Structures are given as C-alpha cells and as structure tokens.
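The values are calculated or read from the model by the stated rules, or taken from the named source; none is laboratory data. A quick note: this is a predicted structure, and the numbers were derived from the prediction, not measured. Please note: Cβ atoms are built from the backbone with ideal geometry, for glycine as well, and neighbour counts cover all protein chains shown.
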Amino acid sequence: MNLLPQSIQTAIQSLSDLPGIGNRSAERLIFALLRNESGLDQKISESLKNLRKNIGECSLCHHFCEITNSEETQAPLCEICQRPSRDKKSICVIETPTDLIALERTLEFKGLFHVLHGVISPLQKVGPEDLRIAHLFKRLQNNTEIEEVILAMSGNIESDATALYITENLHKIFKGKITRLARGIPTGGDLDYLDTGTLSRALLDRRDY
Ligand SMILES: [Zn+2]
C-alpha cells in the first residue's frame, strides 16, 4: 500500500537520487515545499532550468562559468582565468569545483586551476576520457609559462590512482615541477571537508611527486 500520492513519490524519488540526500531528507524537503506558500517551488524549478541554459565550462580550466550570448561565438572564460592578477606559472589540479572554492578560501594559492570533474574509477565506469584530463595535457603542451603543476587530490585510492595516471603521462610532455599536497589530508577525506587551516598547511607543505 502506498501512503503517498504518485506525484509526491516521484518528486521524492528524484530528489533522493542526489548525493547526500536520503529518502527521509527528500520526504522532508518535498513536504516543506508543498506547505510553502511563497512560490519557493517555482523559484527553485526556474533556477534549475536556468542552470542548464546559462552554465557551461570555462574553456581553459573547466570550472563552471556563466555563458552569455556574446560568448556563443568565443570560448567562455571563468572569473579566475580572466583575472590578470593570477599567477600564470602554476596550475592546481582539482577534482571538483567545490575543491576550487575550498582552496580559494585558504588565500594561499594565487595561481590557476584545472578542474577534472571527477576521478578515474573503474568501479563507477569512469575512465580518463570521461574527465578533463586530456584537456589538461593539451593545456600544458601548448603553454611555456607554467612552471608547476600541483595535484591537489583527495586522500583516497581512486584519487591517488588518478594522480599517478596524470603524473606518468605528464612527465612525457611537461618539463616543469609536479607536486602534490602534503598529507595533512586524512585518508579518504575530501578537500572541501577540511578546515581552511589544514588545507592551507597541506598546500604550503606540498611535495614533489
Ligand atoms: Zn577558468
């Protein structure tokens, strides 16, 4: 017997497909939306629709960025890549846009980023070709300015394997320094869960790969 109408069940199911949201949390959110009278559901659905329409990837670092009409003809660039004050000699390679936000919060890193959008994971059927790894190699191949690549990966096996894959291939095309964050990072820990102090330290104490 189903105690909830079909439309509510479908909404709950869709929400609980998101990472970190279980069935109970999804239920609570949907009930809150149903009770809300201020048009919150419309606002949310509108903003989600705009995500697909307005958000693309920076043509250089692959961080998410707003795409305006004028950029349809030219490659979009994110705020960081556009900023002249950024140090063009180092690239910090990260797994997700949330890692970029975490590193920016430390105020320690002034260079450029490269967002992979995931890690190599045979179990999840994610190979190097599903990530922005080839884009990183291409970016480094065509660039004589960059002197250091910092692999700022999380502390788990898949991240380590991804860093190793990148390093091995990078050595063939890149003559600069390849470093990784110091292991203040707990095993299995994601960067964006670290406090700013620990992350700053890990960045400052980085080692050669
Ligand atoms: Zn960018």
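Side notes on the structure shown:
- Candidate set: region 25-56, residues that are of a type in the set (D, E, K, R) and surrounded by 10 or more Cβ atoms within 10 Å (Cβ to Cβ); chosen: the one nearest to Leu77 (Cα to Cα): Lys49
- Total residues in region 82-97, condition over 19 Å from the mean Cα position of the chain (by Cα), among the charged types (D, E, K, R) and more than 10 Å from the ligand (Cβ to nearest atom): 3
- Filter result for the condition that a residue is in contact (Cβ under 8 Å) with a residue 12 or more places away in the chain, on the phi < 0 side of the Ramachandran plot and either within 16 Å of the ligand (Cβ to nearest atom) or among the charged types (D, E, K, R) (or both), over His117, His135: His135
- Matching helices (runs of 4 or more DSSP H) fully within region 107-209 where at least 2 residues are polar (S, T, N, Q), under 23 Å from Arg83 (Cβ atoms) and at pLDDT below 95: 196-204
- In region 40-50, the count of residues that are among the β-branched types (Val, Ile, Thr), in contact (Cβ under 8 Å) with a residue 12 or more places away in the chain and not assigned by TED's automatic domain parsing to the domain that holds Leu116 is zero.
- Of residues in region 135-176 being more than 17 Å from the chain's Cα centre (by Cα) and among the small types (Gly, Ala, Ser), the one surrounded by the most Cβ atoms within 10 Å (Cβ to Cβ): Gly176
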